[in-house]
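**Student:** Before I ask anything, here is the structure I am working with.
The values are calculated or read from the model by the stated rules, or taken from the named source; none is laboratory data. These numbers come from a predicted model, not from an experiment. Cβ coordinates were reconstructed from backbone atoms using ideal geometry, including for glycine residues, and neighbour counts include every protein chain displayed.
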Amino acid sequence: MYYYVVVGIMVALYVTLTLSVNIITGYAGQPTLGHAAFLGVGAYTAAMLMTKAQVSWWLTFPAAFATAALVGLIVGAASLRVRDDFLAITTMGVGFVVVAVFQYVPWFGGAMGVGGLVPPPGVDKYVLLGLTIALAVLTGLISWHLERSWAGMALRSVRDDEAAAEAMGADIRRFKLLAFVTGCGLAGLAGPLYAVHLGFVAGPDFAFHFSMTVLTMAVFGGLGTIRGAVAGAIILGVAPELFRFISDYRNLVYGALLIFMMLFRPTGLLGVTRLKLPRLLGKKGGA
Amino acid sequence: MPLLQCKGVARHFAGLKALDGVDMSVEQGEILGIIGPNGAGKTTLFNVICGVYPPTYGEVLFEGRPIHGLRPSAVAQLGVGRTFQISRVFKSMTVRENVVMALGKKEYASVFSALGGRPSAADRQRADDLLEKVGLIQFADQGAGEMSLGLQRRLELARALALRPTLLMLDEPVAGLSLPEMEEFMKLVRRVHQDGITVVLIEHNLHVTMQISQRLLVLSYGKKIAEGTPAEVQANPAVIEAYLGREDEEVAGSAQS
Amino acid sequence: MIWQQIVNGVVTGGIYALVALGLTMIYGVLRLLHVAHAGIYALGAYAGLLVYGVTHQFVVALTAAMVICAAAGFLTQRFLYRPLMGTPPLVPLIASIGLFIFLGDAYRLAFGAQTLPFREGLAEPTPYRVGPIAITGTQLVILGVAALLLALTWYIINKTRLGLAWRAVAGDLEIAQAMGIDLNRSVAMNFALGSALAAAAGLLVAYHYNEVFPTMGDVPAYKMLAIVVLGGLGNPLGTVAAGFLIGLAETLVVAFAGYLLPRDAIAFVALIIILMIRPQGLFARKGA
């Protein structure tokens, strides 16, 4: 039973992460290849507040969101200067730099990270499962609201054609930043949950391979839709548990999956190709 | 007061003077056509007016207020709508969604208003009304990227109209269209004009432009060389020289190769 | 002391230049960020290791590794990237990342997760001394091979028709085709040579540090991207210069200000700073 709870917690965290990636890359069309770093920022924020300042775990949530959103704002600002391939590399680089900072700056605990992170009394694994699911649902609701709002239309226009979006009165800078702040902040919000679930935070956990896991899930499920993000996270989150093979050869499977998807179905599992390939990958339009 | 004014507008690109001190104005309610041989600077002028890039020198005034240096979104917010030379419809959206997107112009002014509201049934209705007006209503649910060029041009027009513009700028709206498509489109433009919108258009097709414009502006090598009614401009020797001179160069060039 | 570090930096830079050059050549012709290039780099190390283990001949191992990787590069281009021509740029990028991840795990499965030594038990002979500088035989070999390959590549790009074809395709694809350039062949050769350079770099690194392991491509993967962007995507000379620059920068910073920044983050910090100031890179070509 305990095993299922643990798997459930990880899958719920994956859902939050894929949904938040979807806001940046799916809705706004901005590639982000270092997304796990924002989870790390949130997790380390919680860890540092708890261990150095004895802050209650509950209070670390807003702090985690705020710090991750702030870093997201900086990356978003970078997206105003560079685009496409360059932006992809820059976000990859940000991911590496963030992790390097956590690993090498002694204040963050160095290579060993920060340990001994215990949830407050009463918050056992079952409660944690409930909370991670609640966060996933919250992220889904925020995505849903965003998608249907005028801001959602603006984001999609930015994704499809920036010049036309501007000509229709949408300041693309504003909306790119919105995407990054929201997406990165939500990833950070999962940080305290992750930190306490594992009991420790260490830099390498939030490195490129984790970002790629999240991206693979999002791409596999289908960027641009909530159901795509959720499906990708659940299927690829559960599969390694169900199939020993996938767990042992995870990168082999993920790599092959990415290749396969790009060659044959870039819009992902739940991305129906009703409409022509838009600027980014080719997603299904519509709410 | 003219609706739009350009005073001494110049735009340089790494040594090339795409625009070299252009003065022009557009009066409320008129249709102005901008013509000139290839490379005259017509699209550059458009882009400067619409905020794609600022003028290197000079001013652009809209309703008496300076707009040069503003972002395209800010210019759009002030009441200028434009279409593009190459089709820039939002390909991941349906035809209707393209128009609805433009209806949200006022909401995009701030992140909070954009987040706080969403398109309503009334918005979808208004979008449909515009699609009816341009004759695209039957394609409302189709993907915008799937349509032919002529239809995409009409969609861009509907989208620009959704902005409720005071000034509509059309960049080579009939380029690449067949003759009947061109005529249909120009009929639309006339109807739009009759609704009270001021229209400025760039067009290569002289025949079409002469027919629809009340006044013409002629550019050549970044400078204004003539201005006036179609009849006046047609008779203007400098204009004939600019076009024919070009033809001579092209003929001579191809004779050599 | 500083001269010693400079020598070390130049050796490192030489390797970086080799691997980044291949990447930038590929970008120049295909407009593609071939992240899996780092996977070919690791393949070069493993292939070289195998051949060296059998023959104990460095030159044979080097040649074999380069040939094998040239073939691997050709296959990658033919079956992964060619079908994806014309898709939005993010599609081949993700496919490339997928291939890179796949290869890393494949090496783990084929050769084991442990670090393998390149040359067993050979003690390092005493380094040669030139004034205050000590330079080992290994470093000399690296410098020699790198210089040779860089010169060879320069020759091919600038003095042969093949290189001319590449530059034409990089400049304007349609016109190049109109001029009768066989696109498929040019691209295939381009990929083959670029991959061969990566193989050489991988083998030299394995030789230098005496270790081969499945994830050895991870750090170079992003580092070579940073170098290529710094040097101006598609600009061979700029990329080579950037490679040496980064090699020097890393060595010097680590030697004199090691507390500031972990070594591997230097390339990326430099990249981010440069991109913010000059989004097209340090030595960007026109139209890149």
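**Student:** Which ones in the stretch A:90-139 are among the aromatic types (Phe, Trp, Tyr) and either free of Cβ contacts under 8 Å to residues at least 12 places away in the same chain or closer than 30 Å to C:Leu275 by Cα (or both)?
**Tutor:** Residues satisfying the conditions are A:Phe96, A:Phe102, A:Tyr104, A:Trp107, A:Phe108.
**Student:** Related question: Taking B:Ile240 as the residue in question, decide whether it is surrounded by fewer than 21 Cβ atoms within 10 Å (Cβ to Cβ), among the hydrophobic types (A, V, I, L, M, F, W, C) and either part of a loop (DSSP other than H, G, I, E, B) or touching a Leu at 6+ places or on another chain (Cβ under 8 Å) (or both).
**Tutor:** Judged against the criteria, B:Ile240 is not a match.
For (1) polar (S, T, N, Q); (2) modelled with pLDDT of 95 or more, each residue gets a yes or a no:
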| residue | (1), (2) |
| --- | --- |
| C:Arg31 | no, no |
| C:Ile40 | no, yes |
| C:Leu50 | no, no |
| C:Gln57 | yes, no |
| C:Val67 | no, yes |
| C:Ala72 | no, yes |
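**Student:** How about the stretch A:42-56: which of its residues are in contact with a helix residue (DSSP H, G or I) (Cβ under 8 Å, 6 or more places away or on another chain), over 18 Å from A:Thr139 (Cα atoms) and in a helix (DSSP H, G or I)?
**Tutor:** Of everything in the stretch A:42-56, those that are in contact with a helix residue (DSSP H, G or I) (Cβ under 8 Å, 6 or more places away or on another chain), over 18 Å from A:Thr139 (Cα atoms) and in a helix (DSSP H, G or I) turn out to be A:Tyr44, A:Thr45, A:Ala46, A:Ala47, A:Met48, A:Leu49, A:Met50.
**Student:** In this structure, is A:Gly42 at pLDDT 95 or above and either over 17 Å from C:Ile97 (Cβ atoms) or not acidic (Asp, Glu) (or both)?
**Tutor:** yes
**Student:** Could we say that B:Pro173 is modelled with pLDDT under 95 and surrounded by fewer than 21 Cβ atoms within 10 Å (Cβ to Cβ) here?
**Tutor:** No.
**Student:** Check whether at least one residue in the stretch B:25-45 is within 14 Å of chain A (Cβ to nearest Cβ) and within 30 Å of A:Ser157 (Cα to Cα), and report yes or no. Even if it seems obvious, please write down each step before you answer.
**Tutor:** Going residue by residue through the stretch B:25-45, those that are within 14 Å of chain A (Cβ to nearest Cβ) are B:43.
Now narrow it down to the ones that are within 30 Å of A:Ser157 (Cα to Cα): B:43.
Scanning the stretch B:25-45 turns up at least one residue that is within 14 Å of chain A (Cβ to nearest Cβ) and within 30 Å of A:Ser157 (Cα to Cα).
**Student:** Sticking with this one: Quick one: in the stretch C:103-121, of everything that is free of Cβ contacts under 8 Å to residues at least 40 places away in the same chain and at the interface with chain A (Cβ under 9 Å from one of its Cβ atoms), which residue is farthest from the chain's Cα centre (by Cα)?
**Tutor:** Selected residue: C:Leu109.
**Student:** Continuing with the same structure: Restricting to the stretch C:81-91, give me the number of residues that are at the interface with chain A (Cβ under 7 Å from one of its Cβ atoms) and in a helix (DSSP H, G or I).
**Tutor:** Of the residues in the stretch C:81-91, 4 are at the interface with chain A (Cβ under 7 Å from one of its Cβ atoms) and in a helix (DSSP H, G or I).
**Student:** Right, next: When the stretch C:71-80 is examined, which residues are found to be in contact with a Leu (Cβ under 7 Å, 6 or more places away or on another chain) and either of a type in the set (Phe, Trp, Tyr) or more than 11 Å from every other protein chain (Cβ to nearest Cβ) (or both)?
**Tutor:** Hit for the stretch C:71-80 is C:Ala72, nothing else.
**Student:** Further question: For the stretch C:224-241, how many residues meet the condition of being more than 12 Å from chain A (Cβ to nearest Cβ) and either among the β-branched types (Val, Ile, Thr) or closer than 16 Å to C:Val7 by Cα (or both)? Steps first, answer last, please.
**Tutor:** Just the residues of the stretch C:224-241 that are more than 12 Å from chain A (Cβ to nearest Cβ), to begin with: C:231, C:235-241.
Next cut, either among the β-branched types (Val, Ile, Thr) or closer than 16 Å to C:Val7 by Cα (or both) only: C:239-241.
Qualifying residue count, the stretch C:224-241: 3.
**Student:** Still on this structure, I have one more. Select, from B:Val200, B:Val208, the only residue that is of a type in the set (A, V, I, L, M, F, W, C), closer than 14 Å to B:Gly33 by Cβ, surrounded by 20 or more Cβ atoms within 10 Å (Cβ to Cβ) and at pLDDT 95 or above.
**Tutor:** B:Val200
**Student:** (1) within 11 Å of another protein chain (Cβ to nearest Cβ); (2) assigned to a loop (DSSP other than H, G, I, E, B); (3) of a type in the set (Gly, Ala, Ser): which one isn't true of B:Ser73, the others all being true?
**Tutor:** The single condition B:Ser73 does not satisfy is (2).
**Student:** With (1) at pLDDT below 90; (2) within 28 Å of A:Ile133 (Cα to Cα); (3) of a type outside the set (Val, Ile, Thr) as the list, and A:Gln103 as the residue in question, which single condition is left unmet?
**Tutor:** Here A:Gln103 meets the rest and fails (2).
**Student:** Cβ-Cβ distance below 9 Å, separation of 6 or more or different chains: which pairs start in the stretch C:71-99 with a residue that is in contact (Cβ under 8 Å) with a residue 12 or more places away in the chain and end on one that is assigned to a helix (DSSP H, G or I) and of a type in the set (Asp, Glu)?
**Tutor:** Final answer for the pair search is C:Pro89/A:Asp84; C:Pro89/A:Asp85; C:Leu93/A:Asp84; C:Leu93/A:Asp85.
**Student:** What are the pairs with Cβ atoms under 6 angstrom where one residue, in the stretch B:11-25, is in a strand (DSSP E or B) and the other, located anywhere, is β-branched (Val, Ile, Thr) and surrounded by fewer than 18 Cβ atoms within 10 Å (Cβ to Cβ)? Sequence gap at least six, or different chains.
**Tutor:** B:Arg11/B:Thr56; B:His12/B:Thr56
**Student:** Yes or no: the stretch A:112-129 includes at least one residue that is out of contact with any strand residue (DSSP E or B) (no Cβ under 8 Å at 6 or more places or on another chain), farther than 30 Å from B:Asn98 by Cβ and at the interface with another protein chain (Cβ under 9 Å from one of its Cβ atoms).
**Tutor:** For the stretch A:112-129, residues out of contact with any strand residue (DSSP E or B) (no Cβ under 8 Å at 6 or more places or on another chain), farther than 30 Å from B:Asn98 by Cβ and at the interface with another protein chain (Cβ under 9 Å from one of its Cβ atoms): absent.
**Student:** Just give me the residues in the stretch B:26-47 being in contact with a helix residue (DSSP H, G or I) (Cβ under 6 Å, 6 or more places away or on another chain) and assigned to a loop (DSSP other than H, G, I, E, B), in sequence order. Show your work before the answer.
**Tutor:** Here is the first cut: in the stretch B:26-47, the residues in contact with a helix residue (DSSP H, G or I) (Cβ under 6 Å, 6 or more places away or on another chain) are B:31, B:33-37.
Correct list: B:Gly36, B:Pro37.
**Student:** In the stretch B:157-175, is there at least one residue being more than 23 Å from B:Gly29 (Cβ to Cβ) and touching a helix residue (DSSP H, G or I) at 6+ places or on another chain (Cβ under 7 Å)?
**Tutor:** no
**Student:** Pick from A:Leu33, A:Leu59: which is of a type in the set (A, V, I, L, M, F, W, C) and not in a loop (DSSP other than H, G, I, E, B)?
**Tutor:** Within the list A:Leu33, A:Leu59, the selection yields A:Leu59.
**Student:** Just one of (1) over 27 Å from A:Leu236 (Cβ atoms); (2) more than 12 Å from chain C (Cβ to nearest Cβ); (3) at pLDDT below 90 trips up A:Leu59, so point out which.
**Tutor:** (3)
**Student:** Only one of these is assigned to a helix (DSSP H, G or I) and in contact with a Gly (Cβ under 6 Å, 6 or more places away or on another chain): A:Gly183, A:Gly232, A:Gly224. Name it.
**Tutor:** Exactly one of A:Gly183, A:Gly232, A:Gly224 is assigned to a helix (DSSP H, G or I) and in contact with a Gly (Cβ under 6 Å, 6 or more places away or on another chain), namely A:Gly232.
**Student:** Now for a different question. Could you list all residues from the stretch A:143-156 that are under 17 Å from A:Ile24 (Cβ atoms) and free of Cβ contacts under 8 Å to residues at least 60 places away in the same chain?
**Tutor:** Scanning the stretch A:143-156 gives A:His145, A:Ser149, A:Ala151, A:Met153, A:Ala154.
**Student:** If you take the residues of the stretch A:161-201 that are within 14 Å of chain B (Cβ to nearest Cβ) and β-branched (Val, Ile, Thr), which of them is nearest to A:Gly29 (Cα to Cα)?
**Tutor:** Only one residue fits best here, namely A:Ile172.
**Student:** Another question, if that's okay. If you go through the stretch C:119-140 one residue at a time, do you hit one that is assigned to a helix (DSSP H, G or I), out of contact with any helix residue (DSSP H, G or I) (no Cβ under 8 Å at 6 or more places or on another chain) and at pLDDT 80 or above?
**Tutor:** Yes, the stretch C:119-140 contains a residue that is assigned to a helix (DSSP H, G or I), out of contact with any helix residue (DSSP H, G or I) (no Cβ under 8 Å at 6 or more places or on another chain) and at pLDDT 80 or above.
**Student:** From the residues in the stretch A:119-163 that are outside any helix (DSSP H, G or I) and in contact with a helix residue (DSSP H, G or I) (Cβ under 7 Å, 6 or more places away or on another chain), which one is surrounded by the fewest Cβ atoms within 10 Å (Cβ to Cβ)?
**Tutor:** A:Pro120
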